[in-house]
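Structure record follows, encoded as structure tokens.
The values are calculated or read from the model by the stated rules, or taken from the named source; none is laboratory data. Owing to the predicted nature of the structure, the values given are computational and were not obtained by experimental measurement. Methodologically, a virtual Cβ is constructed for each residue, glycine included, from the backbone with ideal geometry; neighbour enumeration extends over all protein chains shown. To get the accessible areas, we keep the full protein, side chains included, count just its heavy atoms, and leave off ligands, DNA and RNA. Shrake-Rupley method; radii C 1.70, N 1.55, O 1.52, S 1.80 Å.
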Amino acid sequence: MQLRILQVVTIMNRGGLETMLMNYYRQMSKNGIQFDFLVHRSEEGHYDKEILSLGGRIFRMPPIRPGNYRRYFKELDAFFAGHKEYRVVHAHMNENSGFAIRAAKKAGVPCRIIHSHLSDLALDYKYPFRLYARAAIKGNPSHYFACSARAGEWLYGKKQGHPVTVLNNAVNTEDFRFDERIRAEVRAELGAGDSLVVGHIGRFNEQKNHKFLLDIFESLRRRKKDALLVLAGDGYLRPAIEQEAQKRGLSQSIRFLGVREDVARLLQGMDLFLFPSLFEGLPVVLVEAQAAGLTCIVSDTITKETDVTNRVSFLSLDLAPDEWSSAILEASYEHADTRTMLRERGYDAAAMAEWLGSFYRQQLESAAASSQ
């Protein structure tokens, strides 16, 4: 019997949580568990075609904005009233998940999972609306998940009156097995030669701190003239960062690659991974970089739970760019084989997909038993 689980997301682009979901989905679809997606954008996501090819369905809701709350809540109620087949709803939109979970509870969905994927958010004009969204969480989920203990505390509070399940952001470890031939191909495509290649993968938004990343690289270039910076990802700040790189005379030494489908391959060509984010939950890309055996230098705003291979160094964002570049120059550039370590620590997607699949089945069986 095929089981259908509703995943609630913003859009299925190539971000961290979306990649994690696809890692699990590919595994579970082989074992009779099907994912459907309730998304909040009208445009097509990068993973949409693959979802449809695997047998998943995609339902579209309007973006969640203060001006359309009333319409949104009405459409949520109508959706769940028209889709009684869902007995498990798993929401991944941080505080905004509360709205979908509340509507699911109202519709009688027995298993309602809220999943925290961040550990902080910037204070901005949206803050009052985030507080409003958090109020919708209280008392409505049946289960609380988080990508790290810190992410759980951030969304649910430090004194939770309920257990929080930490679900690791796992990856397909075999995809990241080091291959010298692939490394040579990637470096040839980048025009790297024997240069030091520092990499970063992430959306171009404030959270990822690309401006400071340029400060670090500018310092590094003064000390190592042939260093290259590889930036994969896209986002609304990309044009401004490209313009800033050109203004500083760094454009020839930076590769802006856009969204990539071959992250595992691309990581092979790097010597070190740099990640000075302002805040994160437990980013999938850092697990991927470690799976590729890279040394990672990251901001200390990121939870120490991120270091699952002893290859992550944490630096303060208050340190000068020169101190960051010194850490880069003093680091090891060896690609270590970390697959066994990641599996043992619960970061292999196949093993975690098996656990999550069993959890979904248990919840469905429990719901069926209680309805008899």
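Entry note, the chain: relative contact order of 16 percent, from Cα contacts under 8 Å with a spacing of 6+ residues. Remark: the chain carries 44 Å² of accessible area per residue (probe radius 1.4 Å; ligands, DNA and RNA excluded). This model, with +1 at the C-beta of Lys and Arg and -1 at the C-beta of Asp and Glu, gives the stretch 19-77 a dipole about its Cα centre of some 140 debye.
For PRO141, what is the net charge nearby, where nearby means another residue's Cβ is under 10 Å from its Cβ and Lys, Arg count +1, Asp, Glu -1?
+4
So if each residue of separation counts as 0.36 nm, and I subtract the Cα-Cα distance between GLU44 and GLU189, what length gain in nm does that give? Net length gain for the segment: 49.3 nm. Pop out the carbon and sulfur fraction of the accessible area of the chain as a percent, whole number, probe 1.4 Å. Carbon with sulfur: 49 percent of the solvent-accessible area. Could you tell me which of MET93, ALA349, ALA188 has its Cα farthest along the dipole of the chain towards the positive end, charges placed at Cβ (Lys, Arg +1; Asp, Glu -1), taken about the Cα centre? Most positive-ward Cα: MET93.
Gain on full extension, evaluated as 0.36 nm per residue between ASP262 and PHE59 minus their Cα-Cα distance, stands at 70.4 nm. Spacing of the modelled spin labels on ALA135 and ASP318, each 7 Å from Cα toward Cβ, amounts to 3.6 nm.
Here semi-axes √(5λ) of the Cα gyration tensor in Å was computed from the coordinates, and among (1) 37, 22, 19; (2) 33, 22, 20; (3) 34, 28, 22 the match is (1).
Given their separation in residues at 0.36 nm each and the Cα-Cα distance between them, THR301 and ASP175 gain 42.5 nm when the chain is fully extended. Helix 210-223 and the long axis of the chain differ in direction by around 20°, with both axes built from C-alpha atoms.
Between 0 and 90 degrees, the angle of helix 69-82 with respect to the longest Cα principal axis of the chain falls at about 60 degrees.
Rg ratio for the stretch 283-372: its Cα radius of gyration over 2.2 N^0.38 Å, N being its residue count, equals 1.56.
Computed across the stretch 97-199, the Kirkwood hydrodynamic radius from all distinct Cα-Cα pairs reaches 17.1 Å.
For the chain, the longest principal axis of the alpha carbon atoms and the long axis of helix 238-247 meet at an angle near 10°.
Our note on the geometry: Cα centres of the stretch 14-33 and the stretch 225-290, 24 Å apart.
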